[in-house]
Amino acid sequence: MDRKKLLDGELTEERKTWLKGILESLNQNPSESLSMDEYLLKVLINSVLGGDSFLIGRVLPAVDPSKHRNYESICDVIVFAAAVGSELGDSECSLFLGDAMVLGHFSLSPTLSRGSRYWGRAMDQGNPEGALRFADYYEGYCGHRDYETALSYFIRAVLIGDNAEAFYRIGDFYFEGKVVERDTVMAETLYQRGYNFAKEGSRKIDRASAAVRLAEVKRDKGPIQQLSLDALEEILAYYTEAESIFQDCNADSVLYLKSDFERCRKGISEVEERIDMLKGKGLEEVD
Amino acid sequence: MNRVDLLDGRMTDERKRWLVGLVTHESIIDPLDIMPVRMRYIEVLAESVLNEDPGLIEDTLFADGFYFSEGEHDAELGDVVIFALAVACTKGSARCMLTLGSFYYLGTFGVPQNYHNAATLYASAMDLGEPQAAVNLGYVYEYGHTGVTDYEKAFHCYLRAALTANHPEGIYKIGDFYNKGRFVSHDENMAMTLYRRSYDLAEKEQNPGCRAQAAFRIAEMMQNLPLPSDEALLSMLDLYMEAEIGMRREVAAGASYYRPRLELCVKRQQEIRETIEARSRDGVSFSIFDK
């Protein structure tokens, strides 16, 4: 199959026959002996043939072509499935395909311009992650830096759908006075919203990143020597929560989390030292 | 009492004597049992103002079943309400700042219309975290009520309301900016996404006024479909009807500026009904264009 042509997402008779052929080869094994990878591939192909874009979007990330003998053929299936799902309106499929094209996964030639069109489609289909991809790009993760445009995409992400990461990253702009006027009250509100949404959602790492920021914005209210014991303990609680999550996620080995983890560790050290000093002196409140 | 003077919120000796007089006022026996309730309300409100406690003033002013709105036609009650609001504003009540700001904006409740004062109160309330104040300040900037139209400031006000509180009105106003390409780049997809989000949020919050406005906007955008399907036409009819009901309520409550939009809702419904009837007569169905 010509992988580039598969990107049109059209379920032609030829392609149906091709997919059914792969299914048949899987079905030749009795179902008890199907491996999990083969089972997932079967589910993916059936969802494509059945036009179930929701299921395509949920199964896609779980299918690993390296677990199959015919790697290139499975890459074709994955790319086609994503394209079909995207055409049918599933934003997870659009996002998946956009990432694949930008990063050059599944033996695709990396292309930012074509891949980002799928990010844009994901955004139009109501997925805030599409906007976040653009925001990351303009914030300099791919070398290009345009903070104003980055902020506009973070804002889109939040407006489209209460995205925890977008909340705290907009908060960063207000905290640092980047593009907008510095406003630590607004920053704290946004960090708190990001933290609250992350608590309800499934991305613990967002909770950790929001918690570090909450700790820092509360620290920013004055020199550490002037913060009360209660305030210090609240700040420490946020740092400690973040540290625990970062440790669980091996944040040290993840580039974009390393900086937050370092801030967290440094913060814990400084705040603990201050608390110990206050408790050692027997002081509960500082004027 | 001169109501305009009371707007300064200063607790002078004269005003204290006036409030004390209200607190100790004998209840009037009234067969319909209305007056004692009114007098009791004035007594409680006057007492809260004497205490200069913004929380107590708020609780009294905004309690369920209160006489607040009656103050527009009741001089004595209106004076106490205005003074209560003004005092609470000096003590940092965001909600009272918002309310008094609205009186200045609309020129109601015996308060002379003054957009600058309205903007000042809205800004203070916004800084204290009141999202509706941010939206209202946005209107001041968007319509240039203080002399200069400033879409950037308006956008940031609406954005603040949306970011800090998921405020449905703030969200559909941002949608308007994307729809018209004001301050942000023209993006109809984004506008529609925001209108739908506002509609869903307003439904969750049981805010029929906002839902009506969002419904109107969604329906107006759907008007741009080149050949709307039968299903789309019925959806539009549903939305315009919802918008009409919401706007009738707003107009009845005094928001006469919604009358032109209300009339447009009625007109659009008529047009849609005629289109549906024509298709039915001609035996034409546009389901294949349904998206």
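The values are calculated or read from the model by the stated rules, or taken from the named source; none is laboratory data. Every value quoted in this text rests on a predicted model; they were computed, and no experiment measured them. When we count neighbours, we look across all protein chains shown, and the Cβ atoms used for this are built from the backbone with ideal geometry, even at glycine. Keep in mind that these areas ignore ligands, DNA and RNA; they rest on the heavy atoms of the full protein, side chains included. Shrake-Rupley method; radii C 1.70, N 1.55, O 1.52, S 1.80 Å.
When B:134, B:154, B:161, B:215 are screened for being buried (at least 23 other Cβ atoms within 10 Å of the Cβ), in contact (Cβ under 8 Å) with a residue 24 or more places away in the chain and either basic (Lys, Arg) or touching a Leu at 6+ places or on another chain (Cβ under 6 Å) (or both), only B:215 passes.
Does residue A:99 satisfy the criteria of being open to solvent by less than 50 Å² (accessible area, probe 1.4 Å), of a type in the set (Asp, Glu) and within 16 Å of the chain's Cα centre (by Cα)?
yes
In region B:46-64, the residues that are over 17 Å from residue B:7 (Cβ atoms) reach residues that are open to solvent by less than 40 Å² (accessible area, probe 1.4 Å) and part of a loop (DSSP other than H, G, I, E, B) with C-beta atoms within less than 7 angstrom, at least six apart or across chains, in these pairs: B:58/B:93. Taking the listed residues A:181, A:176, A:139, the one that is under 30 Å from residue A:242 (Cα atoms), of a type outside the set (Val, Ile, Thr), surrounded by fewer than 17 Cβ atoms within 10 Å (Cβ to Cβ) and modelled with pLDDT under 90 is A:181, with no other qualifying.
Scanning region B:152-181 for residues that are closer than 23 Å to residue A:183 by Cβ, outside any helix (DSSP H, G or I) and more than 9 Å from chain A (Cβ to nearest Cβ) yields one hit, B:167. Among the numbered conditions (1) surrounded by fewer than 24 Cβ atoms within 10 Å (Cβ to Cβ); (2) part of a helix (DSSP H, G or I); (3) touching an Asp or Glu at 6+ places or on another chain (Cβ under 7 Å), the only one that residue B:79 does not meet is (3). Any residue that is open to solvent by 40 Å² or more (accessible area, probe 1.4 Å), more than 14 Å from every other protein chain (Cβ to nearest Cβ) and under 30 Å from residue A:66 (Cα atoms) - is there at least one of those in region A:114-126? Yes, region A:114-126 has at least one match.
The one condition from (1) out of contact with any Gly (no Cβ under 8 Å at 6 or more places or on another chain); (2) of a type in the set (A, V, I, L, M, F, W, C); (3) part of a helix (DSSP H, G or I) that residue B:148 does not meet is (3).
How many residues does region B:94-128 contain that are within 18 Å of the chain's Cα centre (by Cα) and closer than 25 Å to residue B:164 by Cβ? Summing the residues that are within 18 Å of the chain's Cα centre (by Cα) and closer than 25 Å to residue B:164 by Cβ in region B:94-128 gives 24. Take residue B:103 and tell me if it is among the aromatic types (Phe, Trp, Tyr), surrounded by 17 or more Cβ atoms within 10 Å (Cβ to Cβ) and outside any helix (DSSP H, G or I). Considered against the rule, which asks whether it is among the aromatic types (Phe, Trp, Tyr), surrounded by 17 or more Cβ atoms within 10 Å (Cβ to Cβ) and outside any helix (DSSP H, G or I), residue B:103 comes out as no. With the condition kept exactly as written, say whether any residue in region A:211-225 is surrounded by 11 or more Cβ atoms within 10 Å (Cβ to Cβ), among the polar types (S, T, N, Q) and either more than 22 Å from the chain's Cα centre (by Cα) or within 22 Å of residue A:172 (Cβ to Cβ) (or both). No, because not a single residue in region A:211-225 is surrounded by 11 or more Cβ atoms within 10 Å (Cβ to Cβ), among the polar types (S, T, N, Q) and either more than 22 Å from the chain's Cα centre (by Cα) or within 22 Å of residue A:172 (Cβ to Cβ) (or both). Residues in region A:67-94 that are open to solvent by 10 Å² or more (accessible area, probe 1.4 Å) and either hydrophobic (A, V, I, L, M, F, W, C) or over 23 Å from the mean Cα position of the chain (by Cα) (or both): 9 in all. Summed over region B:182-197, the residues that are more than 10 Å from chain A (Cβ to nearest Cβ) and open to solvent by less than 30 Å² (accessible area, probe 1.4 Å) give a count of 2.
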